[in-house]
Amino acid sequence: MPVSLARALSDRRASGRAGFVPFLVAGDPSYAGSLRAARALIAAGADILEVGVPFSDPVADGPAIQAAGQRALAKGMTLKKAAGFVKELRKGGATLPVVLFTYLNPILRMGTKEFARLCGASGVSAALIVDLPVEESTATDRELARYGVELVALASPTTTDERLSRIGRASGTAVYYVSREGVTGVRKGLALNLARRISHVKKMTGKPLMVGFGVAEPSQARKLAPYADGVVVGSALVLAGASGAGDVSRLAKRLVKALEI
């Protein structure tokens with residue numbers, strides 16, 4: 001079985017670089033195309049893979065990921081099929097932790113118990129539910145834990161210390177830190193005072209952080225590597241994926257190199 005998110009990040013840090021956490025949308029530009037991209041990312045050195053489930057109203061996603069989600073939905077991608085996508089990766093020999101990145105509405109339609117069972121049966125390591133606040137996550141966390149699946153909590157620049165402490169007490173082994181306010185997307189620079197904020201969130205939660213939102217270029221990844229346990233890159237890889245797995249692989253290799261410390 002894959003290791004926990006925290007273990008994957010700590011093992012990578014011990015080897016001399018920050019963790020590489022790429023994101024892709026299942027089913028974009030096609031099912032086969034996204035499968036090729038996932039395998040290219042793994043071959044390039046991904047430590048944790050985030051698989052996005054397309055959703056019709058993705059309030060946290062910027063233009064690139066929204067467009068990818070719409071393309072995937074138009075081709076029939078669903079929550080169940082996204083779990084099947086992870087299962088196919090496992091059958092192909094993928095052993096790294098895989099996070100299923102989704103919104104709450106598809107889970108409620110399916111039913112939390114069925115969602116947890118599906119994650120467990122498909123080899124999903126963790127679920128990140130964008131719009132599920134930690135205060136309302138206990139029942140979902142409990143169901144997922146029955147199948148050995150982590151629930152990843154999110155923190156942001158506006159998260160209070162009280163909530164950070166609560167996130168620290170939750171069962172997930174790692175936290176996704178949203179590095180800036182707003183939606184996902186390619187940005188030219190990193191958020192102000194990001195290193196100091198990362199240090200504070202890590203201290204308050206006692207957990208490693210996967211840092212995302214706006215990280216697109218190797219130069220940005222290089223600046224984050226000393227502070228973030230894992231660096232999440234999404235929109236830039238989704239845009240590269242429109243040209244094929246070859247472009248995804250080339251960008252991923254540059255990002256991995258930049259994360260060395």
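The values are calculated or read from the model by the stated rules, or taken from the named source; none is laboratory data. Given the structure is predicted, the values throughout are model-derived calculations rather than measurements. Counting neighbours? That spans all protein chains shown, and the Cβs are built from the backbone with ideal geometry, glycine included.
Observations, loosely collected:
- If you go through the stretch 26-58 and keep only what is acidic (D, E) and either under 14 Å from S235 (Cα atoms) or more than 14 Å from the chain's Cα centre (by Cα) (or both), you end up with D28, E50, D57.
- So V99, is it buried (at least 24 other Cβ atoms within 10 Å of the Cβ), among the aliphatic types (A, V, I, L, M) and not in a helix (DSSP H, G or I): yes
- Filter result for G93 (at positive phi and modelled with pLDDT of 95 or more): yes
- Matching residues in the stretch 131-158 - criterion: being at pLDDT 95 or above and within 30 Å of S219 (Cβ to Cβ): V152, A153, L154, A155
- The set of residues in the stretch 177-235 that are modelled with pLDDT of 85 or more and acidic (D, E) comprises E217, D229.
- Out of A236, A228, A216, one residue alone is farther than 21 Å from G52 by Cα, small (G, A, S) and either touching a helix residue (DSSP H, G or I) at 6+ places or on another chain (Cβ under 7 Å) or surrounded by fewer than 23 Cβ atoms within 10 Å (Cβ to Cβ) (or both). It is A228.
- If the condition is being of a type in the set (A, V, I, L, M, F, W, C) and out of contact with any strand residue (DSSP E or B) (no Cβ under 7 Å at 6 or more places or on another chain), then the stretch 195-244 contributes A195, M204, A236, L239, A240, A242.
- The stretch 73-120, subset hydroxyl-bearing (S, T, Y) and within 17 Å of L24 (Cβ to Cβ), residue nearest to the chain's Cα centre (by Cα): T102
- Residues of the stretch 149-169 satisfying the condition of being free of Cβ contacts under 8 Å to residues at least 40 places away in the same chain, crowded, with 20+ Cβ neighbours inside 10 Å and assigned to a loop (DSSP other than H, G, I, E, B): V149
- Residue that is farthest from V248 (Cα to Cα), among those in the stretch 208-225 that are touching a Lys or Arg at 6+ places or on another chain (Cβ under 9 Å) and not in a helix (DSSP H, G or I): P208
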